[in-house]
Amino acid sequence: MERFTPDYPEMIVPVGHVEPVPRRIRGYAGNLPVFDTVRARYVWLWPGYPQYCVPREDIRDGALLDEGRTMALRVGRARRHTLRLGSLTRPGAAWEWADDVPGVAGCVSFRWEAIDAWFEEDEQVFVHPRSPYTRVDALRSGRGVRVMLDGAVLADAPSSVMVLETGLPTRYYLDRVYIDWTRMQPTDTVTSCPYKGNTSGYWSVTTDTATYPDLAWAYDFPTRQVAPIAGLVAFYNERVDLYLDGHLLPRPSGVTRAIWEQQHRV
């Protein structure tokens, strides 16, 4: 089988990489502050995005209960902790890095879901920390985009807004007037992205031979960094035939979609 060669920049951050976080990081659970630090560190447990590491002394007194369990993580050992705030108890919410883990010894990382609200400075962050090595650009393009599946034309647009995100295929966001809505059925699916925000719509697609679930999506109210995509619709490159200026693009591998779903919390 021919190996798919991506036409976009790959993630390059190695597992175990540690860097300072030049932002104030705060976390809340049960409407109570859990930590507040300007000395956080990033650590990469996988190349896609980092975890925050919070110095133990910047965590609310008594909020962590050592469970007496050691965890073997990809970059070293850590002790598992329960988060306890009054009547709120969340087992396995955090882990404190061992003294022999370079760069993050004495720091604590939290499961994202164990903290109800994360903030970088005064702006809330969703899904996972934003990687300082990930760039997301939304560029208007006059190159025509045609989307087909099973021989049916789903969209045929003279232009698009291209979203170029480090480590992922280029996504082509199209004006709705160029989409064949007779083949689109709305679904209840919602996904979130730390770089783009929360989706406002997902659609399944029906061709003459099959129905394909959740093939397209839109952000009606995206983050300001990608404001040009507001109200436009994109299709999964991995699951459709996408032509750019009349040239059929190779479908990205299934691995890229798995990475996309991990980063966007489908």
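The values are calculated or read from the model by the stated rules, or taken from the named source; none is laboratory data. Just so it is clear, the structure is predicted and the values come from calculations on it, not from any experiment. Note that we place each Cβ from the backbone using ideal geometry, even for glycine, and neighbour counts take in every protein chain shown.
In table form, for the structure just shown:
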read-out: Which numbered condition residue 52 fails, given (1) farther than 30 Å from residue 10 by Cβ; (2) of a type in the set (Ser, Thr, Tyr); (3) surrounded by 21 or more Cβ atoms within 10 Å (Cβ to Cβ); value: (1)
read-out: Complete set of residues in the stretch 133-158 that are under 13 Å from the mean Cα position of the chain (by Cα) and either surrounded by fewer than 15 Cβ atoms within 10 Å (Cβ to Cβ) or in a strand (DSSP E or B) (or both); value: 135, 136
read-out: Pairs, first under 16 Å from residue 162 (Cβ atoms) and among the small types (Gly, Ala, Ser) in the stretch 227-241, second buried (at least 21 other Cβ atoms within 10 Å of the Cβ) and at pLDDT below 95, C-beta under 7 Å, six or more apart; value: none
read-out: All positions within the stretch 219-238 that are in contact with a Lys or Arg (Cβ under 9 Å, 6 or more places away or on another chain), at negative phi and surrounded by fewer than 20 Cβ atoms within 10 Å (Cβ to Cβ); value: 223, 225, 228, 238
read-out: Members of the stretch 37-72 found to be outside any strand (DSSP E or B), in contact with a helix residue (DSSP H, G or I) (Cβ under 7 Å, 6 or more places away or on another chain) and of a type outside the set (Phe, Trp, Tyr), listed by number; value: 39, 48
read-out: Residue ID - farthest from residue 72 (Cα to Cα), chosen from residues in the stretch 89-101 that are outside any loop (DSSP other than H, G, I, E, B) and not charged (D, E, K, R); value: 89
read-out: Filter pass, residue 104 being of a type in the set (A, V, I, L, M, F, W, C), under 25 Å from the mean Cα position of the chain (by Cα) and assigned to a strand (DSSP E or B); value: no
read-out: Which numbered condition residue 27 fails, given (1) over 30 Å from residue 165 (Cβ atoms); (2) assigned to a strand (DSSP E or B); (3) not aromatic (Phe, Trp, Tyr); value: (1)
read-out: Unmet requirement for residue 88, which otherwise passes all of (1) of a type in the set (A, V, I, L, M); (2) crowded, with 16+ Cβ neighbours inside 10 Å; (3) in contact with a Gly (Cβ under 8 Å, 6 or more places away or on another chain); value: (2)
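For every residue, the table says whether it meets (1) at pLDDT 95 or above; (2) in contact with an Asp or Glu (Cβ under 6 Å, 6 or more places away or on another chain); (3) not basic (Lys, Arg).
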residue	(1), (2), (3)
110	yes, no, yes
113	yes, no, yes
117	yes, no, yes
130	no, no, no
146	yes, yes, no
152	yes, no, yes
